[in-house]
Amino acid sequence: MTTLTHPPRTASPPARPRRTAGDGKWRRRIPLLPALVFTVVVTQLPFVATLVISTFEWNILKPGNRHFVGLANFKFVFTDERLRTAVLNTVVLTASVVLISVLLGLGLAMLLDRRFAGRGLARTLLIAPFLVMPVAAALLWKHAIYNPDYGLLNGTLNAVYRLFGADNGPTVDWISSYPMPAVVVSLVWQWTPFMMLILLAGLQAQPGDVLEAARVDGASAMATFRHITLPHLRQYIELGILLGTIYVVQTFDAVYTITQGGPGSQTTNLPYEIYLTMFRKYEYGQAAAAGVVVVLGSIVIATFALRTIASLFREEVSR
Amino acid sequence: MRTRRTLHLLATSAAAGSLLVGCSGAGGSSGSDGGGKTINVLMVGNPQMEDIAKLTESTFTKDTGIKVKFTILPENELRDKVTQDVATQAGQYDVATIGAYEVPIWEKNGWLHELSSYADQDTAFDKGDLLKPIVTSLSGSDGKLYALPFYGESSMLMYNKDVMAAKGITVPEHPTWPQIADIAAKVDGAEPGMRGICLRGLAGWGELGATLTTVVNTYGGTWFTKDWKAEVDSPAFKKATNFYVDLVREHGQAGAAQSGFTECLNAMSQKKAAMWYDATSAAGSLEDAKTSKIAGHVGYAYAPTVETKSSGWLWSWAWAMPKTTKKADAASKFMLWASGKEYEKLVGEKLGWSRVPAGKRASTYALPEYSKAAGSFGDITLKSIEAADPANPGVQPRPTVGVQYVAIPEFQDLGTKVTQEISAAIAGKTTVDKALKDGQKLAEDVAETYQK
């Protein structure tokens, strides 16, 4: 329908109309410029600054010693033993938290997907851990639950021992004996509700007629779950894993509060190591370089996340 | 296409420009409200500081007309904030509390105003009354004061008198560490859930690092020799650390690797530990019947020793004035008032004598009201502070001042990382040998920059 109205193409198009078109476009865009500038300032400049700082030897406690060192800080980041441990810890922490909370979240979502009296209340209560501030949650776990003297875990253990006639149960020092599991459990407690919400949304988007058809065909509950529900949930699970990964990689509060990265560096993850570099060592260059590496890693994960979300929408549209 | 690119460039440079303008605006505006009538004070959130925040307006501001705006932060956040503010010359604060660790380092960097001239001019301040070790720890290499002490502390042994009496044990006034280990073994389990001793096991240069270093000193060890040789894996350092780790593992508090000052204070005051080696300033809390189950039943002894005559540490929270301040006169008036004798009396009369910020002046201990309130621990505190020698705390000469730390910028990082490993040894996750071998490597890296 447009072919007829198009002006005939010539070898040298008149310059005038094009310029006015461009001017018009920009005139319309000018009011948006402040917003653009603001966005650039708050999102891009800090990162550029970080990039620049990462090429400097800069310890703020030694004034007058700031100088350009090229990629030396990155070399340090990739060769430092502590940072390698931190990367490993971050992977272990993130993977275990995300996988366990997806599994638990899936179970809870399946339960909540059924109708029962008080379902609304149960859902609200189950979401609660996700709404607790991370520092508050970490303090709660450290003191109210893990503390060897007055914590709930040892209290319960002792009560059970007393039931069977013993004087006192064992005093287990949970945080020192099982540092990584201690952090993981507290994070799983926080992140399970998040996974549950996403998977519950997925379950409730499941077409009822398919499930009914399966029932009519005499498929067992297990078979229905394996061959219909799980494939349907796949993208929701992927989304949960990716979003969860992006957030859990950045975990700081739990590590800082519960274990302080210890004992030794057994629970020191990347954000905590960067914090130590920044505020104990005051090596801004090294901290910036480590930060840049983390950002690049996160971008890779985020790209996958965005792709998953995009495919989710494609499926919705095509349906 | 070209116009678009130009505009992009314009937008970016405009943004960068506005940032620069913003920076100079912030830097330029500080101090422009002039007159020196309002000063900004940044301080650590200890009880003594909260007291002064309450008392300032009705007394200091009323008398001088100088308004004081306080920012109070917990210790770790305070360190982060004050270091960045001073190091980047941001100039947000006219006065900040810093500790004995920071003074020599910051003085060398030229970040602090010297304060001797202010203190000398003010006869009522009576500089000669300040305790000598505290003055040494807050002085620069030129012998001038670079911070005025607000209160000072050393370390000592505190014990539950009832438990010792029940077991028929007398704790010597000047114990040795092996004696303390013996006593810890005897009183371990004296009451249900009670352990023999509480010692810091929490990683951190100011936590485990402080108590452990005093033990290392008295066992003949040091972090660095006079000519900057790292000594972390030396026999003396190893012996001290093994002793400390074994003692805390065998007779120490539950959850030792996670407990610092606060946890030990809890354990001691709730009768979960029979002895505790820590700061002299803890006594005030142990004697507070509102929070402590053993108030009035606490015995005190000097810091245990082995090879040295004394081994108590030395710390002081002190007022410093960053060079960036534009209100030096008003700020100095506040500092002199806050560190003065009159302020101590004011606290005693208004809030109670046990809350006096003590440990910095000889005259405090001559006050009859204070001697009565500080009862059993006042004397030991004063003598421990006087006996501490920050320039020479061990058996060999040192490259810097500091009893329980090494006054170099790298020590925050070095101390934190080494104590992380030792804390892991306390938790049974590694051995002392391995921890100190790794620590030695870190210490050698640090030492290298100082060897010339």
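The values are calculated or read from the model by the stated rules, or taken from the named source; none is laboratory data. Since the structure is predicted, the reported quantities are computational estimates derived from the model, not experimental observations. As a convention, Cβ positions derive from the backbone with ideal geometry for all residues, glycine included, and neighbour counts pool all protein chains shown. Surface areas here come from the heavy atoms of the whole protein model, side chains and all, with no ligands, DNA or RNA. Shrake-Rupley method; radii C 1.70, N 1.55, O 1.52, S 1.80 Å.
Ballpark to the nearest 100 Å², how much total accessible area do A and B bury together, probe 1.4 Å? Walk me through the numbers on the way to the answer.
Values: alone 20150 and 19840 Å², together 36630 Å².
Answer for the A-B pair: about 3400 Å² buried.
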| field | Charge dipole (debye, nearest 20) of the protein assembly as shown; +1 at Cβ of Lys and Arg, -1 at Cβ of Asp and Glu | value | 3260 debye
| message | How long are the semi-axes of the equivalent ellipsoid of the range A:162-319, taking √(5λ) for every eigenvalue λ of the Cα gyration tensor, in whole Å from largest down? | response | 40, 28, 9
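Is there a simple number for the mean count of other chain Cβ atoms within 10 Å of the Cβ of residues in A:141-149, and what is it?
3
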| task | Provide the percentage of antiparallel DSSP beta bridges, counting only those with both residues in the protein assembly as shown; round to the nearest 5. | result | 70 percent
| task | Identify, among A:Val188, A:Ala219, A:Val248, the residue whose Cα sits farthest towards the positive end of the charge dipole of the range A:178-277, taking +1 on the Cβ of Lys and Arg and -1 on the Cβ of Asp and Glu, with the dipole about the Cα centre. | result | A:Ala219
| said: Given Cβ point charges of +1 (Lys, Arg) and -1 (Asp, Glu) and nothing else, what value in debye, to the nearest 20, does the dipole of the range B:60-210 about its Cα centre take? | reply: 260 debye
| request: List the residues of the range A:241-287 whose accessible area drops by at least 20 Å² when all protein chains are present, compared with their chain alone, using a 1.4 Å probe and counting only protein heavy atoms. | output: A:Tyr256, A:Gln260, A:Pro263, A:Gly264, A:Gln266, A:Leu276, A:Phe279, A:Arg280, A:Lys281, A:Tyr282, A:Tyr284
| request: Please report, as a whole percent, how much of the solvent-accessible surface of the protein assembly as shown comes from carbon and sulfur atoms (probe radius 1.4 Å). | output: 60 percent
| Sum of side-chain charges, B:Gln451 neighbourhood, beta-carbon under 11 Å (Lys, Arg +1; Asp, Glu -1) | -1
| note | Probe 1.4 Å, all chains present, heavy atoms only: B:His174 accessible area in Å², nearest 10, is 120 Å²
| remark: With R₀ set to 45 angstrom, the calculated FRET efficiency between the beta-carbons of B:Asp120 and B:Lys229, to the nearest 0.05, is 0.70
| query | Excluding ligands and nucleic acids, what accessible area in Å² is computed for B:Glu191 using a 1.4 Å probe, to the nearest 10? | reply | 60 Å²
| note | Judged on accessible area alone, 1.4 Å probe, highest first, A:Phe116, A:Phe76 line up as A:Phe116, A:Phe76
| remark: Two pseudo-spin positions, 7 Å from Cα along C-beta at B:Gln396 and at B:Lys54, lie apart in nanometres by 4.9 nm
| DSSP loop trypsin sites (Lys or Arg not before Pro) in the range A:93-135 with at most 11 other Cβ atoms within 10 Å of their Cβ, which ones? | A:Arg114, A:Arg115
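Can you give me the relative contact order of chain B as a percent, contacts being Cα pairs under 8 Å and 6 or more apart?
24 percent
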| note | Between B:Thr38 and B:Ser363, the FRET efficiency computed from the C-beta separation at R0 = 35 Å comes out, to the nearest 0.05, as 0.65
| So how much accessible area does A:Val300 have, in Å² to the nearest 10, using a 1.4 Å probe? | 80 Å²
| said: For A:Trp174, A:Trp191, B:Trp177, give me the order by solvent-accessible area with a 1.4 Å probe, most accessible first, ignoring ligands, DNA and RNA. | reply: A:Trp174, A:Trp191, B:Trp177
| query | Of B:Met321, A:Met180, which has the most accessible area and how do the rest follow, probe 1.4 Å? | reply | A:Met180, B:Met321
| message | Leaving out ligands and nucleic acids, and using a 1.4 Å probe, what accessible area per residue does the range B:236-345 come to in Å²? | response | 34 Å²
